[in-house]
Amino acid sequence: MPKATETILEIDLNALSNNYKYLTSKLKNNTKLMAVVKAYAYGSDSVAIAKELVDLGADYFAVAYPIEGVTLRDAAIQTPILVLHPLPVNFDVIVNRCLEPSIYSFKILDEFIAYAEKTNQNNYPIHLKFNTGLNRLGFTEDEISLISKKLAATKSVKVKSAFSHLGASEDLLEKEFSLKQINTFKSISEKLTAELGYKPLLHCANTSGIINYPEAHFDMVRSGIGLYGFGNDKVENKNFKPIATLKTVISQIHTVKKGESIGYNRGIIVEKTAQSATLPLGHADGIPRSYGKGKGWVVINGKKAPIHGNVCMDMIMVDVTDIECEEGDEAIVFGSTNTAEDLSAAINSIPYELLTAISQRIKRVICRK
């Protein structure tokens, strides 16, 4: 790729292909894969990512909210799409755009059945979410009988899948907790199948579940962060390739004399004459203020340039005193080597947060490296 001349997010579809193939290599031939493309495909480009995943063979997509599914439908993507967190106000959009709602409470179940009956739906696909320990959304095991009675009383909807979500599958110190979740889901699956009189698709494994708990693969698995290049483990990360590289350029270089300050609120007062480079991205682009005062860095000509002073809305300043560089040179915020995981760890965060915060005003460049 040519060097950046402005702030861009490069999205490498070959890296995505590598990650997809690695994840599916862990699965049995008949196990489906649901690709999680919520939050602009973890801050990248949901349409470009979804189209590539269609070609790779993804069986399902998952989004958080209906508007994300509408974006995919507007791009002529016909693959089934699960909406993980629908609300009653969304039902028109969901049905009109052939999206499939997660049903996680009796309020949502009752209201969606009423909507489906009112609009003369027949066997509209729904997905039942069960809470096995994350305590976020979902029915409990002892509610299966009542769920089944409500479903038996209508022909407007039909259960396409039943699923749960592992809360600590990346942490092998929590193996006992994860196995308890898996066993609870197995029990739920058996009871639900018996009550319904048919077997829906079953899924509860996320990326780390795919890797660490093959017994939890069931009929389908879901992957989000793994597709984008992270395995939640230093050893596993070697098998993944980050798909996103955030690049920018040096706008200006200042010589700052001893005792002078840099940035808002005099974020840093230099102790000796320094060279400070200003870059065109800031907290409005997803670089939080917590990266200021040396906690974060970029890479310029192969060397780390610490962020000094406070992060501004549209700019950051970095210390290039010991780096040979000039205005117009490229700066890499994160990528395949200086990764989003490395950078997020500097502020005790996780790559999910850094990736999904990247502003939509940053230009996306789709490539194959």
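The values are calculated or read from the model by the stated rules, or taken from the named source; none is laboratory data. Quantities reported herein were computed from a predicted structural model and do not represent experimental measurements. Positions of Cβ are backbone-derived with ideal geometry, glycine not excepted, and every protein chain shown enters the neighbour counts. For the accessible areas, the whole protein counts, side chains as well, though only heavy atoms, and no ligand, DNA or RNA atoms are used. Shrake-Rupley method; radii C 1.70, N 1.55, O 1.52, S 1.80 Å.
At a glance:
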quantity: Top-ranked residue of the range 124-141 - restricted to ones that are more than 8 Å from Tyr104 (Cα to Cα) and in a loop (DSSP other than H, G, I, E, B), ranked as most open to solvent (accessible area, probe 1.4 Å); calculated: Arg136
quantity: Residue among Ala4, Ala35, Ala50, Ala58 that alone is in a helix (DSSP H, G or I), among the small types (Gly, Ala, Ser) and surrounded by 18 or more Cβ atoms within 10 Å (Cβ to Cβ); calculated: Ala50
quantity: Leading residue by the ranking (most open to solvent (accessible area, probe 1.4 Å)) among those in the range 69-79 that are farther than 15 Å from Lys38 by Cβ and part of a loop (DSSP other than H, G, I, E, B); calculated: Gln78
quantity: Selection from the range 196-243 of residues that are of a type in the set (Phe, Trp, Tyr) and either in contact (Cβ under 8 Å) with a residue 40 or more places away in the chain or under 24 Å from Gly133 (Cα atoms) (or both); calculated: Tyr213, Phe218, Tyr228, Phe230, Phe240
quantity: Among the residues listed as Tyr42, Tyr115, the single one being within 16 Å of Thr207 (Cβ to Cβ), surrounded by 17 or more Cβ atoms within 10 Å (Cβ to Cβ) and modelled with pLDDT of 95 or more; calculated: Tyr42
quantity: Selected residue (criterion: most open to solvent (accessible area, probe 1.4 Å)) from residues of the range 100-112 that are hydrophobic (A, V, I, L, M, F, W, C) and assigned to a helix (DSSP H, G or I); calculated: Phe106
quantity: Subset of the range 15-31 that is under 27 Å from Cys367 (Cα atoms) and in contact (Cβ under 8 Å) with a residue 60 or more places away in the chain - its residue that is most open to solvent (accessible area, probe 1.4 Å); calculated: Lys26
quantity: Wholly enclosed helices (runs of 4 or more DSSP H) of the range 144-217 bearing at least 2 residues over 20 Å from Ile108 (Cβ atoms), open to solvent by less than 20 Å² (accessible area, probe 1.4 Å) and modelled with pLDDT of 95 or more; calculated: 175-196, 207-212
quantity: Residue match in the range 92-99 (condition: assigned to a helix (DSSP H, G or I), in contact with an Asp or Glu (Cβ under 8 Å, 6 or more places away or on another chain) and surrounded by fewer than 13 Cβ atoms within 10 Å (Cβ to Cβ)); calculated: no
quantity: Residues that are touching a residue at least 40 places away in the same chain (Cβ under 8 Å) and among the hydrophobic types (A, V, I, L, M, F, W, C), drawn from the range 122-133; calculated: Leu128, Phe130
quantity: Filtered residues of the range 113-123 (kept if part of a loop (DSSP other than H, G, I, E, B) and of a type in the set (Val, Ile, Thr)); calculated: Thr119
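Residue-by-condition table, conditions (1) closer than 19 Å to Gly229 by Cα; (2) out of contact with any Asp or Glu (no Cβ under 7 Å at 6 or more places or on another chain):
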site: Met315; (1), (2): no, yes
site: Ile332; (1), (2): yes, yes
site: Gly335; (1), (2): yes, yes
site: Glu341; (1), (2): yes, yes
site: Ile362; (1), (2): no, no
